[in-house]
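Take a look at the structure set out below.
The values are calculated or read from the model by the stated rules, or taken from the named source; none is laboratory data. Not measured: the values here are computed from a predicted model. Backbone-built Cβ (ideal geometry, glycine too); neighbour counts: all protein chains shown.
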């Protein structure tokens, strides 16, 4: 644009109000003194950017042909106009000079101000002003069906001004609301840190979802529940139960940018759900990180020429130990060999007697002192977790690049080696052999529901915490689908790795595969170590396997503690503890978790470990996910939630998602809870039966987190000011609506349309 054209455009811009770097009618609380746009002294401008300032103009065509009717109730625009001191801008040489514009009352009293041709004077229009942008114009009300807007961006330089005018467009009412809110959301700087890259977030949620259960539980369940036929209920439960809840958590965290507790300003009645999720995640850290400590101990023990669980001639072995490498007449025991699940193999005795030292404990009432070797290993695990978390997602986002990707490298190497072993194909055949008749068994469907639910990780609040550090417009829909696919692939792929070695073990020892197939710690710390003990280079294969377990466990351990830290720290700062530093609070959480976890590394710690594993994240986790789904889809409202998704991602969730959120997923969780309560198994570990007081202790632990939901709800109802109706309305409505509700505004959640919207 040449100088003459720029001057003509500048003439038409005389009388435009200025707010910082933007120009809009009545949006600047400044005095009437003239200021240069390049001085850097205006609010919102940077002193270091004196060379260039950008001015955005958003204004609307006034309706000057109609008379000005009397309005007994001022609009929101009129109220804002009266409250703010409007200014206008004129171009003077190389600078933009601001002047005080006529007040709203002056313009209403003297319509001549609206049509005065005082080119460049405050409150008037130049000959080239078409009525779009004069400070004296009255913008068209927003209650029209469409609004015509023009946006002018002015960049002022010392030499010559540059003006860019965007094309005029029409916006419908929903578009105006969504567009305006999106811009506002995108420009809000709440001081919350964000992920370094989108890949950091994606790898973090993949790392949490893909954990030890993918390796030690899914392959066994698939084998036990009909082989390939088990994939049918597994996929159905995945599609209609777990994935919708997973997607819901990502949306909640990313849209509100709050932890799992402070998030519930959207529906204060259910704030206890956040406390429940944080407590469950904290309880799980007490025993889950102990597994990583065991794996580290095994990794260190594997770094020798001969694995310590190869023979029965060690100091911890008993007379009943059966060495499969020896002939029957050279073994000390007359007990027939019953497979590696027997308590008398070298690997099982190494785990129970050398690592856990269970022989020094009689049960839960005789725990003993922590084993110092395991205490060192556990300490190393917690130090690693602290170093990964104390700087927030900036530090943990880099760690997951190794912890989330390395297991796939190790699994591929182990599979390539396992396929070369005799009996490997036999093991894979047992793993995948479909038995469609098993689909009639209710237990198969329950196992599929429980496995996929716990594997995805919904209800812990971890995905919600991670998503709260996303940018507002991050595509969490894509992240949800990618994570789900990777999680299912890992479970299925790890089954090939495990069953190649179980097939080899069954072939070598001449026992049926049912004698070697198991799940949980028994698989990774007894059966698998014995399977690789007789391979050439056994130490290398054992070290690779336990290194993989450590990587799988670390990113899941980081996720659990991140939920606790984010949830409690956000809540503390919301209550006024802004002085609390993340580094110090992370240290406190890690130290408390380590001290409680030390109970599990005592001689009787395995009994406490099994107790925590049974009750800490069982019914309580399901209740957390259930009330989260009910609160969002029914009380917060599917319409409001869909609006949030559209504002954030640009599209509304489809009918499938809305039906699953409102009906299918809650019914799915309720079914699992009811079945779990009706068909409880007696609490025991191997041959040890837990006393009744231990069962009561376990249920007390589970109820301590579940009871947070009704207790916090009652507290909110009592502490909320107002009448009974206003209290209920405020407790089930977002905090942003509370002032209007107390002012007598209608409550949308007291309408049938809110509850029946799908």
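Observations on the model:
- Residue match in region 419-438 (condition: within 30 Å of residue 629 (Cβ to Cβ), touching a helix residue (DSSP H, G or I) at 6+ places or on another chain (Cβ under 6 Å) and surrounded by 14 or more Cβ atoms within 10 Å (Cβ to Cβ)): yes
- Here residue 471 meets the list (1) touching a residue at least 60 places away in the same chain (Cβ under 8 Å); (2) more than 30 Å from residue 264 (Cα to Cα) almost entirely, failing just condition (2).
- Checked against (1) buried (at least 16 other Cβ atoms within 10 Å of the Cβ); (2) not in a helix (DSSP H, G or I), residue 578 passes all but condition (1).
- Of the candidates 407, 370, the single residue that is at pLDDT below 95 and in the same structural domain as residue 583 (by TED's automatic domain parsing) is 407.
- Matching residues, region 477-496, being closer than 14 Å to residue 451 by Cα and under 15 Å from the mean Cα position of the chain (by Cα): 484
- Test result for residue 654, assigned by TED's automatic domain parsing to the domain that holds residue 358 and surrounded by fewer than 19 Cβ atoms within 10 Å (Cβ to Cβ): yes
- Candidates 728, 718, 709 - the one that is closer than 30 Å to residue 655 by Cα, at pLDDT 95 or above and over 27 Å from the mean Cα position of the chain (by Cα): 728
Let's see how each residue does on (1) surrounded by fewer than 11 Cβ atoms within 10 Å (Cβ to Cβ); (2) outside the structural domain of residue 640 (by TED's automatic domain parsing); (3) closer than 22 Å to residue 604 by Cβ; (4) under 26 Å from the mean Cα position of the chain (by Cα):
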position	(1), (2), (3), (4)
679	yes, no, no, no
690	no, no, yes, no
742	no, yes, no, no
745	no, yes, no, no
750	no, yes, no, no
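- Any chance residue 239 is under 30 Å from residue 663 (Cβ atoms) and without any contact (Cβ under 8 Å) to a residue 40 or more places away in the chain: yes
- 1 or more residues more than 29 Å from the chain's Cα centre (by Cα): qualifying helices (runs of 4 or more DSSP H) within region 373-458: 406-418, 424-432, 442-456
- The listed residues are 465, 506, 491, and the only one of them that is under 30 Å from residue 649 (Cβ atoms), at pLDDT below 95, in the same structural domain as residue 225 (by TED's automatic domain parsing) and surrounded by 19 or more Cβ atoms within 10 Å (Cβ to Cβ) turns out to be 491.
- A residue that is within 30 Å of residue 297 (Cα to Cα) and in contact with a helix residue (DSSP H, G or I) (Cβ under 6 Å, 6 or more places away or on another chain) cannot be found anywhere in region 622-632.
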